[in-house]
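Contents: one structure, followed by commentary.
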C-alpha cells in the first residue's frame with residue numbers, strides 16, 4: 001500500500017512538473033522548430049495540454065536535472081542554439097554561424113525587390129539576410145546599382161540610384177564584424193546628452209553578454225525572426241501608444257524563406273521596396289504589423305519602420321529623424337546623424353538600420369581603414385556590420 | 001615433498017620393519033607399491049579437463065582471431081551492457097558524422113563548423129586521406145553523415161549544401177555521384193543508409209517545411225523505390241538499415257526513433273521525455289552486430305543503449321546510457337554521430353570537444 005502511494009505521489013509530482021514546463025514553454029509555430037507549437041500562444045480556451053506540449057520541452061529543458069539556468073539541459077545557451085542553427089546544426093535550415101540558409105524547395109525570388117517569381121532553386125544553399133556570426137555569404141564586393149534622372153518640382157534634375165543589388169557570395173567568407181558573444185559597448189544606448197558617453201558598458205549589465213536570447217524568443221511568437229519586443233538590457237521601457245506592453249513588436253511572416261538573390265534591403269520580401277518611382281511591398285504575404293511602432297505622435301506600420309525602432313531600443317541615439325544630418329542633436333558624441341528613422345510616415349525613404357547593416361555578421365572587407373566608433377582615434381578594419389565593402393553602402397544611394 | 005614429510009615417512013617405514021622383527025618373521029623387505037585406482041581416475045579427469053580447456057582456449061583464440069572482439073562479447077554472454085571509455089582521437093574540428101570501414105581500421109569523419117570537410121582517420125586518429133567532392137562540383141560543400149556499404153566497403157557521403165551523395169572507395173578515391181534516375185528528384189541529404197543489396201536511403205530535409213521531410217529509398221541504379229515518412233518527420237537525421245528490411249530513423253526534431261518495416265509502415269519505438277531511456281534531441285544512431293541500438297542524444301549529452309527485439313517493431317529495451325556533459329575524458333559536448341565496428345567498439349563524434357571518442361566492450 002505504501003509503495004503504491006509512493007508511486008502515485010511520484011506520478012503526481014511528475015505530471016505537475018510536466019504541466020509546468022508545458023505552460024512555461026508556451027510556444028508558437030513560427031518556423032516549425034522543435035520549440036514551437038501551434039496550439040498555444042493564442043487566446044483561446046480549452047487547449048489540450050498533451051497536444052500543446054507533445055514533449056517538445058525535453059529537447060532543451062530538464063525539470064530536475066538541468067545543467068544551467070532556465071532549466072536548460074546544456075551549460076551553454078549558445079551551443080544549445082547552434083546545435084540546430086549552427087554550422088553543425090542538422091535540425092534547421094538556418095545556419096547563423098556561417099550565414100547559410102538551406103532550402104531547395106520552391107523559393108520565392110526577388111531579383112530586383114519588386115518582381116516576385118517562384119522558381120525551383122538549383123542549389124540547396126542561400127545566404128541569410130542577416131549574415132552570419134563567423135562567416136557570411138554576402139557578395140559585399142559585387143554590389144551594383146542603376147541610376148536614373150530625377151526631376152524635382154522646381155525643375156532641377158539630378159541622378160538618383162535605384163535597383164541596388166547585393167548578390168550572394170558563392171561560399172561563406174569570414175566575418176569582419178559580428179553582433180555576438182562579446183562583452184562590449186552597446187553603442188548609442190541612452191538618452192541624448194551633452195556629456196560624452198558612447199553607450200552602455202555591457203559588463204555592467206545583468207547579462208553582460210549578447211546571446212541568442214538577448215534578441216530572440218526561443219519559444220516563438222508566430223513570427224519568423226522570433227524577435228523579442230524588448231531586447232535584453234536595452235533599458236527600453238516605453239509603452240507605445242496602442243500597446244499594453246513596452247517594446248517594439250516585429251511582425252513579419254510566420255513562415256518566410258530567407259534565401260533571395262539580393263541582400264540589399266530592397267530585396268527583402270518583408271521590407272518596403274523603393275524603386276525610385278514606386279513603393280511596393282516586396283511580398284504579398286506580409287501582414288500589416290500591429291501593434292505598430294511609433295515615435296512621437298506618428299504611427300506607421302511597415303516592417304522596415306518597426307525594425308528601425310526595434311534596433312534602436314538598444315542603440316537609442318541612432319534613431320535619428322529626417323534632417324538630423326543638418327540638425328544638432330545636442331549630444332556630445334552623436335551630434336549630427338544620418339537618418340535612421342523611417343518612422344515618420346514617409347514610407348519611400350527606406351532609411352533605417354538594416355538598409356546598411358546586417359544583424360548577425362558581415363564579411364565586408366574594409367581595406368581602407370576607418371575610425372571604428374564614435375570618439376575613437378585608432379583606425380580599424382572592423383566592418384561594423386555593413387553590407388558592402390569599404391563604405392560602399394554610402395554609394396549605394398548617394399552618387400558621389 | 002618436504003624434508004619434514006620425508007623424514008616422517010622414513011620413520012614410519014622403520015617402525016613397521018621393527019614390528020616385523022619383533023614378531024620373529026622373515027627378514028624384512030620393503031612392501032611392493034600398489035597403484036591407487038582412484039589416483040589414476042583423478043589423473044584421467046585432470047587430463048580430460050586439460051584437453052577440454054585447451055579446446056576451449058583454442059576455440060576462444062580462434063574466435064578472437066576471427067572477430068577481434070573483447071572476450072566480454074563472447075557468444076552467449078549477456079549483451080545488455082553499456083560500453084566503457086577507451087580513448088579519444090583528436091584532429092577534427094566539430095565532427096558531425098562518423099563511420100567505420102568494414103575491417104575497422106579506418107574512420108570516415110565529417111567536419112562541420114566553418115571548415116566543412118570529410119576526412120579519413122586511422123585507428124590512432126591520424127588523418128590519412130580526405131573524401132573530396134569531384135573537382136567539377138565547385139561551390140560550397142557541407143558533408144554531414146557518412147555510410148559504408150556493408151559488403152563493398154564503399155563510402156557514401158551526404159553533402160547537404162551541394163544536395164548530392166558522393167561515393168568513394170575504401171581508400172577515399174572518388175568513384176561516382178549517386179544520382180536519382182528521375183532528374184526532377186532533388187534532395188538535401190542529412191542521414192544516409194546503404195544496405196547490402198545496394199539500396200540507398202536518403203533523409204531529405206531540403207525544405208524549411210518539415211511536412212516535406214522524407215526518407216527516399218533508391219535502388220542501386222538510382223530509381224526511386226519508395227518515399228517514406230512524408231508529413232511525419234521533422235529533420236530526420238540518422239538512417240540505419242536493420243534486419244527484415246526494416247530501417248530505423250532518428251526523427252530528430254520530433255525527439256523520437258521510428259522504424260519503417262518492409263511494407264513502409266512506421267512505428268514509433270522511442271520518444272522524447274525525461275524518464276530512463278527517453279530522448280531529448282536524438283541525432284546519430286548505430287546498430288551493432290549484437291543487436292544493440294546506440295542513439296546519440298545531442299542535448300542530453302549522452303548515448304543511449306538499447307537492445308532490439310526479434311521483430312523490428314518490438315520496442316527496444318533500455319540498457320543504459322554512457323557519457324555526461326563536460327570536457328574531460330568520457331564526457332561529451334553536443335555529441336552527434338555514432339558508429340560501431342565489428343570489434344565491439346563504439347565511436348562517438350564529440351562535436352564541441354573536437355574529438356572522436358572511442359568506447360568499447
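The values are calculated or read from the model by the stated rules, or taken from the named source; none is laboratory data. Quick caveat: nothing in here was measured; it's all calculated off a predicted structure. Cβ sites come from the backbone with ideal geometry, for glycine too, and all protein chains shown count toward neighbours.
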In this structure, does residue B:153 turn out to be in contact (Cβ under 8 Å) with a residue 12 or more places away in the chain, in a loop (DSSP other than H, G, I, E, B) and touching a strand residue (DSSP E or B) at 6+ places or on another chain (Cβ under 9 Å)?
no
Which one is farthest from the other protein chains (Cβ to nearest Cβ) among residues in region A:65-88 that are surrounded by 19 or more Cβ atoms within 10 Å (Cβ to Cβ) and assigned to a loop (DSSP other than H, G, I, E, B)?
A:86
If you take the residues of region B:229-244 that are within 14 Å of chain A (Cβ to nearest Cβ) and at negative phi, which of them is surrounded by the fewest Cβ atoms within 10 Å (Cβ to Cβ)?
B:230
Only one of (1) more than 14 Å from every other protein chain (Cβ to nearest Cβ); (2) crowded, with 16+ Cβ neighbours inside 10 Å does not apply to residue A:178, and that is (1)
Would you mind stating whether residue A:119 is at pLDDT below 85, in a loop (DSSP other than H, G, I, E, B) and more than 8 Å from every other protein chain (Cβ to nearest Cβ)?
no
Give the residue, chosen from B:338, B:295, B:319, B:240, that is at pLDDT 95 or above, under 16 Å from the mean Cα position of the chain (by Cα), assigned to a strand (DSSP E or B) and over 23 Å from residue A:91 (Cβ atoms).
B:319
Do we have residue B:303 as in a strand (DSSP E or B) and within 14 Å of chain A (Cβ to nearest Cβ) here?
no
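Here's the yes/no breakdown for (1) within 14 Å of chain B (Cβ to nearest Cβ); (2) part of a strand (DSSP E or B):
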| site | (1), (2) |
| --- | --- |
| A:163 | no, yes |
| A:186 | no, yes |
| A:207 | no, no |
| A:220 | yes, no |
Test: residue in region B:333-341 that is surrounded by fewer than 24 Cβ atoms within 10 Å (Cβ to Cβ) and in contact with a helix residue (DSSP H, G or I) (Cβ under 8 Å, 6 or more places away or on another chain)
yes
How many residues of region B:98-118 are part of a strand (DSSP E or B) and closer than 18 Å to residue B:189 by Cα? The answer is 8
Select from region B:108-137 the residues that are away from every other protein chain (no Cβ under 13 Å) and farther than 19 Å from residue B:175 by Cβ and list them in ascending order.
B:121, B:122, B:123, B:124, B:125, B:126, B:127
Taking region A:46-64 only, how many residues are at pLDDT below 85, closer than 23 Å to residue B:335 by Cβ and more than 8 Å from chain B (Cβ to nearest Cβ)?
1
Within region B:207-228, identify whether any single residue is at the interface with chain A (Cβ under 9 Å from one of its Cβ atoms), crowded, with 22+ Cβ neighbours inside 10 Å and under 18 Å from residue B:96 (Cα atoms), and answer yes or no.
no
Answer yes or no: is there a residue in region B:307-314 that is within 14 Å of chain A (Cβ to nearest Cβ) and touching a strand residue (DSSP E or B) at 6+ places or on another chain (Cβ under 9 Å).
no
